[in-house]
Amino acid sequence: PGRAGRLLLSQLFQPLNLQVGSEAGCEGRAGEPLCRSQKLMLQGGLIHPASPGCYYYLPPTVRAMEKLVKVMDEEMRAVGGQKLNMPSLSSAELWRASGRWERMGPELFRLEDRHGKGYCLGPTHEEAVTELVAAHSYLSYKQFPLRLYQVTRKFRDEPKPRFGLLRSREFYMKDMYTFDASEEEARQTYDLVCGAYCSLFDRLGLPFVKVQAATGSIGGTMSHEFQLPADVGEDRLVLCPEGHFAANVETLNGEQTSCPTCGEKLTQTKGIEVGHTFYLGTKYSSVSNAVFLSPENKPQLAEMGCYGLGVTRILAASIEVLSTEDSIRWPSLIAPYQLCFIPPKRGSKEEEEGAALLERAYDDLAEALPHLASDSVLDDRTQLTIGKRLKDANKLGYPYVIIAGKRVCEDPPVLEVWNQNTGEVLFLTKEGVIELMSKVQVP
């Protein structure tokens, strides 16, 4: 949209509701608490409620999500991941065979087709992927390790969906399923994928902790969660201040108060679970008979692991832990747009020179740094003051805001650049702006 391919804020479908108070204008059924990320995402035109636990993801959110998935793809490829896609509809027979049709209870969304055949909408895909691999029983040990993953919508009939995208009924997840020839190799895969998760959260600049966890309805013999400490988190965690020990309280026998390694007193915190890893062994491969041929040409059950990252939950949780009460802060790498250009107010004495200079800066930057061309927005609401638009840009969390202020009439003209993540303001020529932006990373 816009002249010469410029993205104009007035033409973006991002219905802003930035002026409302903390509760007014935001969804939240009577008496239901709103958390910070939910409030900010509703006000910033990032999500819109559809039905309990289901949301429209608006264009900026989809952009952030696509960037996040790109970063996940990089990390998954680095550990030998191959991307596939499995059906959302999963047959009841598969789930009955694994015992989870009954065990998952009302959490499964169940339906029947016109022939009376039962299905569920997949909350997770262990049964499906194991059936897929079992259907190719000519697999050789030489084809292992097999690391298959997808990024899809998942469905869970939450009894009490709340906190926006943190606890919803329909959500996006990256789930990887691994098949190895021995327990030893499966545990090596486990460590490798956990390492990839740590790398992902480090790149996003998120303050995560990896904790021992219960295996729950997925099963298996070893499990870890990746948690972002936050007051609204639903998990209770205990952490050693020296970093030797971290666990979800539900895994502990009784009240453990000191670190088993160093004896230091454990601290308690709440966390939002953003990733979960499981070593499954042969729990699912034995049900579907997912076998491979060993070096001795004998059929042998595959050793499995499964690994999940909540895509939409990471988006909301990162806003939850990085933002202030009234301003969104994204992990810089996945902000929907990296730059916001603010021209002078209509009728101001800087208008003529400033508007032309800023548009030139926008176009020259797009030419010099084509990867940022679709990451730049021009706030063309020139009926508003620069201060008002800067305040909005701050609330929406653009990592960089470039303003044609009072100094555009100097020789050479100077632009004002706000780095929202550090809070610093720089005064740079157009060339200086381009040089600064050349260091900005986008996936």
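The values are calculated or read from the model by the stated rules, or taken from the named source; none is laboratory data. Because the structure is predicted, anything quoted here is derived from the model rather than measured. Heads up, the Cβs are rebuilt from the backbone with ideal geometry, glycines too, and the neighbour counts pull from every protein chain shown. Surface areas here come from the heavy atoms of the whole protein model, side chains and all, with no ligands, DNA or RNA. Shrake-Rupley method; radii C 1.70, N 1.55, O 1.52, S 1.80 Å.
Observations on the model:
- Cross-link partners of LYS391 among lysines, defined as those whose alpha carbon lies under 21 angstrom from its own and excluding same-chain residues fewer than eight positions apart: LYS39, LYS345, LYS406.
- In sequence order, calculated HN-Hα J values of the range 66-74 (Karplus, 6.51, -1.76, 1.60; Hz; x Gly/Pro): 5, 5, 4, 5, 4, 5, 4, 4, 4
- For the range 316-331, backbone phi angles converted through the Karplus equation (6.51, -1.76, 1.60; θ = phi - 60°) give residue-by-residue couplings of 5, 5, 5, 5, 4, 8, 9, 7, 8, 4, 10, 9, 6, 10, 8, x Hz, Gly and Pro being listed as x.
- With all protein chains in place and a 1.4 Å probe, the accessible surface of the chain carries 51 percent carbon and sulfur.
- Each Lys or Arg adds one and each Asp or Glu subtracts one; over the other residues with Cβ under 15 Å from the Cβ of VAL274, this totals -1.
- For the chain, the equivalent ellipsoid derived from the Cα gyration tensor has semi-axes of 45, 24, 23 Å, listed largest first.
- Prolate/oblate/rounded call for the range 224-376, Cα gyration tensor, a/c under 1.5 rounded: oblate
- Distance from the range 327-388 to the range 415-433 (C-alpha centre basis), Å: 12 Å
- Placing +1 on the Cβ of every Lys and Arg and -1 on the Cβ of every Asp and Glu, with nothing else charged, gives the chain a dipole about its Cα centre of roughly 840 debye.
- Protein heavy-atom accessible surface, 1.4 Å probe, per residue over the chain: 45 Å².
- Taking one quarter of the surface of the convex hull spanned by the alpha-carbon atoms of the range 174-224 gives a direction-averaged projected area of 4.2 nm².
- In order along the range 134-140, phi translates into HN-Hα couplings of 5, 5, 10, 6, 8, 4, 9 Hz, rounded to whole numbers, per the Karplus curve 6.51 cos²θ - 1.76 cosθ + 1.60 with θ = phi - 60° and x for Gly and Pro.
- Beta bridge orientation in the range 337-438: antiparallel %, DSSP, nearest 5: 55 percent
- Shape call, the range 80-233: gyration tensor on alpha carbons, a/c limit 1.5: oblate
- Mean-square fluctuations from a GNM of the chain, with a 10 angstrom spring cutoff on Cα atoms, peak among GLU264, GLU75, GLU320 at GLU264.
- Percent antiparallel among DSSP beta bridges (both partners in the chain, rounded to 5): 85 percent
- Cα-based Kirkwood hydrodynamic radius, the range 162-287, one decimal, Å: 15.9 Å
- Near the amide H of CYS54, within less than 5 Å, lie the amide hydrogens of ARG169, all on another chain or at least 5 residues away, with H placed in the peptide plane.
- Taking amide H as placed 1.01 Å from N in the peptide plane, LEU378 has its amide H under 5 Å from the amide H of LEU7, LEU8, LEU9, PHE341, each at least 5 places away in sequence or on another chain.
- Of all lysines in the structure, the ones whose alpha carbon falls short of 27 Å from that of LYS83, not counting any fewer than 8 places away in one chain, are LYS67, LYS70, LYS142, LYS154, LYS174, LYS210, LYS283.
- Reachable aspartates and glutamates, given that their alpha-carbon falls under 19 Å from the alpha-carbon of LYS265 and they are not under 8 places away in the same chain: GLU242, GLU250, GLU255
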